[in-house]
Amino acid sequence: MTQSLRPAEIPPRRPFKSRGSFVIRCEGCRLPALNCICPYQVQAKSRARFWLITHSLEHHKPTNTGRLIGDCLPYTEVFSWARTEPDPRLLEHLKDERFQPFLIFPDDQPDYAERVVNFEDASCSARIPVFVILDGTWRQARRMFRQSPYLATLPILPLHTDRLTRYTLRKPASPSHLCTAEVAVELLRLARETQAANVLDDYFMAFNDSYAASRVHRKLEEESPAMQRLRQLKRES
């Protein structure tokens, strides 16, 4: 039996002053109340865990998808990124022998090639696999990677997938650039956590569709197949 981790300490919400700040939002899911997705929030079981190291600019963005992971997977932890003063809880977790952390990052540079691992070869059944995700834009994530010495010894796990992003709320530099929730879905599939992957994927699609409709002040009148699956799971739980 493993010891439960303390919930992540996310900075208090500050007033959202960007475009759409006048919209009435649900306090639970932070989506416009017009298309709240709280009825579709379902928790899934997964041996693999996620630690999100989140850039300060991402914490309060309603379009951030990292928080969807925590909505579905209760052992998810969120840490604020800091170059010189990392969260002490994160440092303690990195030293905890119960866990096998993997830093999720592309294997496209030769200077850290010796740290790149294959999940099947590196995962140890006696330790809990943890996917460490740098939660920010691609530019922010690369800066976080280079300027975080406390992550310099972690094995790097690149995500190779044919999936193209379905995230419509921000425009990626490339269709192969997945948002944080999509990365988590594919990592769960890699870890053979199929049920958890399906739940998170459906919840992401419910978020994606609901937010997109709310941007044009349209209430969704019919539930998508993803929403229907989540509602059924919630009834059965």
Report Rg (one decimal) and Dmax (nearest whole number) for the chain, counting Cα atoms only, units Å.
17.7, 52
Using the Cα gyration tensor of the stretch 182-237, the equivalent ellipsoid's semi-axes, largest first and to the nearest Å, work out to 24, 15, 6
Contact order relative to length of the stretch 43-236, as percent, for alpha carbon pairs under 8 angstrom and 6 or more apart
25 percent
Just the projected area, averaged over all directions, of the convex hull on the alpha carbon atoms of the stretch 155-212: how many nm²?
4.3 nm²
Using only helices, what value at 222 nm comes out for the chain when you add -39,500 (n - 2.57) per DSSP H run of length 4 or more and divide by the total residues, to the nearest 500 deg cm²/dmol?
-9000 deg cm²/dmol
Using a Debye calculation, one point per C-alpha and no hydration shell, please list log10 I(q)/I(0) for the stretch 46-128 at q = 0.22, 0.24 Å⁻¹ in order.
-1.31, -1.35
Distance from the Cα centre of the stretch 62-129 to that of the stretch 198-237, in angstrom?
28 Å
Dividing the alpha-carbon Rg of the stretch 113-237 by 2.2 N^0.38 Å yields what?
1.24
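Read-outs: derived from the displayed coordinates by stated rules, not from any lab. On a predicted model such as this, the values are computed, not experimentally measured, just so you know.
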